[in-house]
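Worksheet: the structure to be examined is printed underneath.
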Amino acid sequence: MALTYEEGNALSQDMTFRGRIKMAAIAYAQSLSIQANLSGAQTRWIQQTMQQPDAMATTLHPNVVLDPNVQASGSAVTDTELQASVQAVANRMM
């Protein structure tokens, strides 16, 4: 069952959840950084994430809450599912 708007809003303001997003973003930035042939957008995203992880988590947070993995589980989303959600949102940003 999807989160209601009220539940989604509460989750989009949850600082513990934002911390999980931050860690997933850093993990993705590290993973991307070892790949060859990165686009300019990917390189900028990696740099921004590594230099200002809290700001990137703030940017990602609302859209991650809207991702189907998170909508299905809310804050109980597994780390694996959250990682996939963060990567999907980040890829749309790049």
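Values in this text are rule-based calculations from the coordinates and carry no lab data. It should be emphasised that the depicted structure is a prediction, and the values quoted were computed from it without experimental measurement. Glycine also receives a Cβ, built like all others from the backbone with ideal geometry; neighbour counts cover every protein chain displayed.
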> Among the residues of the stretch 16-56, which ones are under 21 Å from G74 (Cα atoms), among the β-branched types (V, I, T) and either touching a residue at least 60 places away in the same chain (Cβ under 8 Å) or not in a helix (DSSP H, G or I) (or both)?
Replying inline: I21
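Among the residues of the stretch 68-87, which ones are closer than 20 Å to A10 by Cβ and either buried (at least 20 other Cβ atoms within 10 Å of the Cβ) or among the hydrophobic types (A, V, I, L, M, F, W, C) (or both)?
Taking the stretch 68-87 first, the residues closer than 20 Å to A10 by Cβ are 68-78, 81-82, 85-86.
Within the stretch 68-87, V70, A72, A76, V77, L82, S85, V86 meet the criteria.
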>> Yes or no: the stretch 2-14 includes at least one residue that is closer than 15 Å to N91 by Cβ, out of contact with any Lys or Arg (no Cβ under 8 Å at 6 or more places or on another chain) and surrounded by 12 or more Cβ atoms within 10 Å (Cβ to Cβ).
In response: no
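Given the criteria within 10 Å of the chain's Cα centre (by Cα) and surrounded by fewer than 19 Cβ atoms within 10 Å (Cβ to Cβ), does N63 qualify?
Numbers: within 10 Å of the chain's Cα centre (by Cα): yes; surrounded by fewer than 19 Cβ atoms within 10 Å (Cβ to Cβ): yes.
Against the criterion (within 10 Å of the chain's Cα centre (by Cα) and surrounded by fewer than 19 Cβ atoms within 10 Å (Cβ to Cβ)), N63 qualifies.
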